[in-house]
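The next block holds one structure in the form of structure tokens; read it before the comments.
The values are calculated or read from the model by the stated rules, or taken from the named source; none is laboratory data. Only a predicted model underlies this, so the values are computations on that prediction, with no experimental measurement involved. FYI the Cβ positions are ideal-geometry reconstructions off the backbone, even for glycines, and counts take in every protein chain you see. What goes into the accessible areas is simple: the full protein's heavy atoms, side chains included, and nothing from ligands, DNA or RNA. Shrake-Rupley method; radii C 1.70, N 1.55, O 1.52, S 1.80 Å.
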Amino acid sequence: MTDFLGALDINNRDISLAIWISLIFIWAISQKAVRKSFANVLKALAARVILISWTVMLAYIALIVYLLYLSQIWEIGNLKDTVYWLFGSGFVFYLNINQIRREGYIRKAVVDSLKVLVLIEFIVNLYVFNIWVELILLVPILLLLGGLLGCASVYEKYKQVEGFLTTLLAIVGFGILVFVAVSIVYDIQGFFSLDNLRDFLIPILLTIGFVPFLYVCGLYSLYDSIFRRIGVFAENKRIALYAKLRTFLAFGLNLSSVRSWSREMGLLKLSEKTDIVEAIRKFRTEGA
């Protein structure tokens, strides 16, 4: 067990974070109202659709990790970084999965994930403070500021507070970066190591590797919406099935075209098979 934890490179920040999350969880379940809300959340997460989507997503991430392992990029020491990515960027992608159908969302989401924060998170987590500094000062401050910032960003009336908290969090982050920069200068050879390179690359590769999954999710969401409308406006099941088949053959895996067709098809009346053929022909002719 000790060897396994050593391979995971558990540091003072990880231990402090685990302690504080445990304390918050214990406090939360001690509150009746929170327990009731928590039970409702668990019921929602146990829904068949949620369980299937989570299972498929986790299986896909496991496939990415396996391919990285075969490529000798991922090793057991990167499990911690993978879990952090899953409950960070991966969870954010999942929560916004309904936004994937929006034009430009995938590109924006991936770019935002790969911006300077990737580099900053890597550097900030590279060097940690003494366990007591992490436990009593740094982790509580970061959790508190992060929680308050999350709440403030939800409500428009707290926009000024959000700006203040963002600035405060940036100051704390800058202080940590200064400490890390000094540590790197004193340990320049330790910084340029294969393990650090892996720690830097894993979140990036996971995010890039996750793009095809997001793309397929976007396609599925759009086709599901289109097929539902076809089922409503088609005169019978035979015409509906034909319309769905012609739609898929016409637009295939082209997310942009499927998105445009979903937007333009409107209340399409389908009395004959030729109706869908003519509608698609007109759509393409008009260059929509």
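Details
- Test: residue in segment 263-286 that is touching a helix residue (DSSP H, G or I) at 6+ places or on another chain (Cβ under 6 Å) and within 30 Å of residue 92 (Cβ to Cβ): no
- Of all residue pairs spaced 6 or more apart or on separate chains, those with beta-carbon atoms under 6 Å, a first member in segment 209-238 that is over 30 Å from residue 65 (Cα atoms) and a second member that is assigned to a helix (DSSP H, G or I) and open to solvent by 60 Å² or more (accessible area, probe 1.4 Å) are 227/244; 230/244.
- Candidates are the residues of segment 51-103 that are farther than 26 Å from residue 260 by Cα and outside any helix (DSSP H, G or I); the one that is least open to solvent (accessible area, probe 1.4 Å) is 74.
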